[in-house]
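Before any comments, here is the structure.
All of the numbers you see were taken from the coordinates with simple rules; none came from a lab. Please read all numbers here as calculations on a predicted model, not as lab measurements. Neighbour counts run over all protein chains shown; Cβ positions are idealised from the backbone, glycine included.
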Amino acid sequence: MFDIKSSNLEIVLFGYGATGAKVYEMLSVNFSKITVVDSEEKHIEKAKEDGIVTSYQIDITNDSELEELGVDGKILFCAMDEMALNIFLALSLKSISNDSILLSVSTSAENTRKLKFIGVDKVIDIYESSANRIVDIITRPAVTRVMDEIIYVDNGISIEEIEIPPNSFLEGKCVHDINFREYGLILIGISDKELGEDFIFVSRGINHKFDAGDILVVMGETSSLEAFYKKLMEKR
Amino acid sequence: MKRFLIRQIVSFSYLLESAPRYQRVKRFFNNLLNNDDYPYKKYFDLFMIVVILSSVTILVIDVHEHVAYWLDFYDLYIVTWIFIVEYLLRLWVHSDVHKVVIAHYEESEFFEKPFSLWKVVKQVSREKWAYISSPVAIIDLIAILPSYREIRVLRVFVLFRAFKMLRYSRSLLQFFDILRSKKVELYTLLTLLSFFAMIASIMIYVFEGNSNSEISNLFDAVYWAVVTITTVGYGDITPVTTEGRAVAMLVILTGIGAISFLTSIIVSAFSEKLPEIKQTRVMNSIAKKRDLNLICGYGKIGQLVAKKLKDNRRNFLVIESDPAKVQKAEMDGCDVLMADATKSETLLRLKLSENVRSVICVTHDDIINVFITINARSLCSDVEIIARCSEHSVAKKLRMAGANHVIMPEEIAGMLGSVYIGQPVAFEALQAIITQKRTARIDEVEVKLGSFLDGAKVGDFDFAANKLVLLALLKRFDAGDKKSHFIIFNPPDDTPLKAGDILVIMGYSVSIADFKGRLEQSVRYKKQ
């Protein structure tokens, strides 16, 4: 949310059946530029009914029609109800698009494996994530409640990732030098571009040195996050 | 005189009815002898089995050698007395005599008719006779008889002491139950076999009664026929005439057919009863478990939940009505009950309010999930119910029906996608700690009474130095309620900690384990 990018993100959602409609509902909370595409007429009719202007009916098995949509540099979310179609679509999109982020839903471990093999950036197993949630409710109720408050409930507490801009006050400092609690924040971890995409949890205890371009994952109240973000953006 | 007797009997009956001690003693013996759920019954059963085995052993040894005097004494008096006492106790607890007396007395008072002692005696003896004439009771009675050593033939009845063991072993009883289910077939076959055996024995007697030296009377012929028809064929008696041999061939062929028929009857009885036996076994193993999680429906989510709960070493039971899915669950090594979870009976059988911690409704049908939720909530108000559905309208109904958590798979997928698109790094980090795939994880630690955190402040413990991150603190709304908490995110250093608070901490599993261990230890020190 502190990234200008996110409000400009263009998302193409493939499928507006049982799964797709729900996915749209969730996506529309955070994003505004969503295009809905489906090959079935009645799904698109429903999308129009739901007030989605940017919904189109195309033959998703046809590559040229997909290309016409303009899929480059966009976020592509495959949420077709039929899994075989979904996998085929993911494969088509992977082959024709450049510089785009590809997401897909999956309904089984087997499909997840296939989708990952195709090169889908993020596979979300519908049933696995539900099962995880159920098991978490039973085995770690307190953790689940806390995570719910952070992720799902809109109560001012959230987890955000903030990229360190050049020449900020953090530059050259180490994790132990900064007391995030003073800002009312908890630092969860850092993703360091120099060290590759690996995510470093603070709980590992490494005294990491902040550089511009590092991504901080912090948790806290929105006001604290905003204050911190503002301070970070001030040039030294 | 008679009226005096009646008055005495009636007042004595009322005395028994109002004596709590008498009732208690009777209930105790009834539980001990007849109630399979009574915890001490199995010790009693075990004791009886040992007694029987020792008695049988002594009697068998006694056939050839003389046993020590004290063993003989033990067998003759102690064992016999135990049996007699048990027999009388069973007879006693079988029905209540005083209740019959009271019922008749009150009835006669009500209709102002004379109280008939004869009717009472008739009804009491009818009830008691129902017990005495039951097969198990007859076995019990016969098992007492071998003690009369004077009659040698009675020694055979020592076997009945072995039979008596059936009573104490549930699996053996089950075997007879299975055979009983094929009673008609077995009777038919038995009649057929005895008919053939009779024909064959008469034929062989007629053909060879004179010419065969081995067959001197009809009993020999019957013996030969039975030995042959059962395909045992000792060969001590063999037909010598052509006619006799022809009869033998026929008998052998019939025998083979009949025996294979018998085998198939028993096998099919077993395979028919197998699911039932399995269910009983599952119920027995489940009955002992506490904090049970019921997974209703073994579809995609059900399977995953079962697998994950197993990994977490939680007790769970799958309830499924589709035989194919039941089989799948069995193959996956789950305890599974083939039943309909929308029926109250099913949940009551599992002792919902005592043993069950949560009910997870994850059938593929929303309506069934709603039904299960209503069913479970109506039977127990504090069980945790987690239900799955795919429509918002159903979600509302589920909450009204009493579900604590509603899971909408598609919505969760959408949510995850949305979080991922917005914040891929944070998402991966969260995913890693939520799914515990990496060593970093979030866990919850309860502040135990008397541990070093009890009464301390958040700032007193240096979480950072211990490589832990305190994310949030859950405090109880009121001390009595275990479930309601409010959350303080990133609690300030001066927040007081009390027993019952829950810390949500992030760290590597080793750090968390270490922290938990220290907390446990501090409790012990304080106690000393």
Relative compactness, the range B:2-168, computed as alpha-carbon Rg over 2.2 N^0.38 Å: 1.31
How big is the dipole moment of the range A:156-233 about its Cα centre under a simple scheme where the beta carbon of each Lys and Arg is +1, that of each Asp and Glu is -1, and everything else is neutral? Debye, nearest 20, please. 260
With θ set to phi - 60°, apply the Karplus curve 6.51 cos²θ - 1.76 cosθ + 1.60 along the range B:385-395 and write out the HN-Hα couplings as whole Hz, x wherever there is a Gly or Pro. 10, 10, 10, 9, 7, 10, 10, 4, 4, 5, 4
Lys/Arg Cβ at +1, Asp/Glu Cβ at -1, dipole of the protein assembly as shown taken about the Cα centre: which of A:MET233, A:PHE77, B:PHE461 is farthest positive-ward? B:PHE461
With a/c under 1.5 counting as rounded, go ahead and sort the range A:4-131 into rounded, prolate or oblate using the C-alpha gyration tensor (a ≥ b ≥ c being the square roots of the eigenvalues; past the cut-off, prolate if a/b is larger than b/c, else oblate). rounded
Determine how many Å³ per residue the convex hull of the Cα atoms of the range A:156-233 encloses. 79
Can you tell me the dipole magnitude for chain A around its Cα centre, using point charges on the Cβ only (Lys, Arg +1; Asp, Glu -1), in Debye to the nearest 20? 760
For A:CYS78, B:CYS389, B:CYS334, B:CYS361, which order do you get if you count the other beta carbons within 10 Å of each Cβ and list the fewest first? B:CYS334, B:CYS389, A:CYS78, B:CYS361
Per residue of the range B:190-199, in order, report the coupling 6.51 cos²θ - 1.76 cosθ + 1.60 (Karplus, θ = phi - 60°) as ³J(HN,Hα) in whole Hz, putting x for Gly and Pro. 5, 4, 4, 5, 5, 4, 4, 4, 5, 4
Nearest 10 degrees, 0 to 90: what angle lies between the long axis of helix B:117-132 and the longest principal axis of chain B (Cα atoms)? 80
Fraction of beta bridges assigned by DSSP in the protein assembly as shown that are antiparallel (%, nearest 5): 50
Work out the mean other chain Cβ neighbour count within 10 Å for the residues of A:24-32 and drop it here as an integer. 4
Over 18 Å [Cα-Cα, the range B:289-411], rounded percent: 45
Could you compute how fast chain B diffuses translationally, taking Rh as the Kirkwood radius over C-alpha pairs and applying Stokes-Einstein at 25 °C with viscosity 0.890 mPa s? Give it in µm² per second. 78
Quick one: which residues, 5+ away or cross-chain, put their amide H under 5 Å from the amide H of A:SER55? H built at 1.01 Å from N. A:VAL36
Exposed trypsin sites (Lys or Arg not before Pro) being those in a DSSP loop with at most 10 other Cβ atoms within 10 Å, the longest stretch of chain B free of them is B:1-287
Taking loop as defined by DSSP and a crowding limit of 12 other beta carbons within 10 Å, which chymotrypsin sites (Phe, Trp or Tyr not before Pro) in the range B:1-69 fit? B:TYR40
Over all pairs of different Cα atoms in the range B:183-274, the reciprocal of the mean inverse distance gives a Kirkwood radius in Å of 13.8
Excluding same-chain residues fewer than 8 positions from B:LYS288, which lysines have a Cα within less than 17 Å of its Cα? B:LYS41, B:LYS42, B:LYS278, B:LYS351
Counting helices only, and only those DSSP H runs with n ≥ 4, report the 222 nm mean residue ellipticity of chain B as the sum of -39,500 (n - 2.57) divided by its residues, in deg cm²/dmol to the nearest 500. -19500 deg cm²/dmol
For chain B, the longest stretch holding no GluC sites (Glu not before Pro) located in a DSSP loop with at most 15 other Cβ atoms within 10 Å is which? B:215-390
Using the Cβ atoms and a cut-off under 13 Å, what net charge is assigned to the surroundings of B:ASP236, where Lys and Arg are +1 and Asp and Glu are -1? -2
Cα-based Rg / Dmax (Å) for the protein assembly as shown: 38.9, 129
Likely footprinting exposure, B:ASP96, A:ASP125, A:ASP50, fewest C-beta neighbours within 10 Å first: A:ASP50, B:ASP96, A:ASP125
Placing each pseudo-label 7 Å from Cα in the direction of the beta carbon, B:ILE252 and B:ASP72 end up separated by a distance in nanometres of 5.1
On average, how many beta carbons from a partner chain sit within 10 Å of the beta carbon of a residue in B:403-412? 6
Average partner coverage of A:144-151, which counts Cβ from other chains inside 10 Å: 6
Across 10 Å bins beginning at 0, the whole-percent shares of Cα-Cα pair distances in the range A:92-200 come to 11, 25, 33, 24, 7
Please rank A:ILE96, A:ILE188, A:ILE159, fewest neighbouring Cβ atoms within 10 Å first, as an exposure proxy. A:ILE96, A:ILE159, A:ILE188
Estimate the FRET efficiency between B:MET283 and B:ALA130 by the formula 1/(1 + (r/R0)^6), using the beta-carbon distance for r and 41 Å for R0, to the nearest 0.05. 0.90
5 Å is the cut-off here: which amide hydrogens, built 1.01 Å from N in the peptide plane, fall below it relative to A:LEU76, excluding neighbours closer than 5 in sequence? A:VAL12, A:ILE101, A:LEU102, A:LEU103
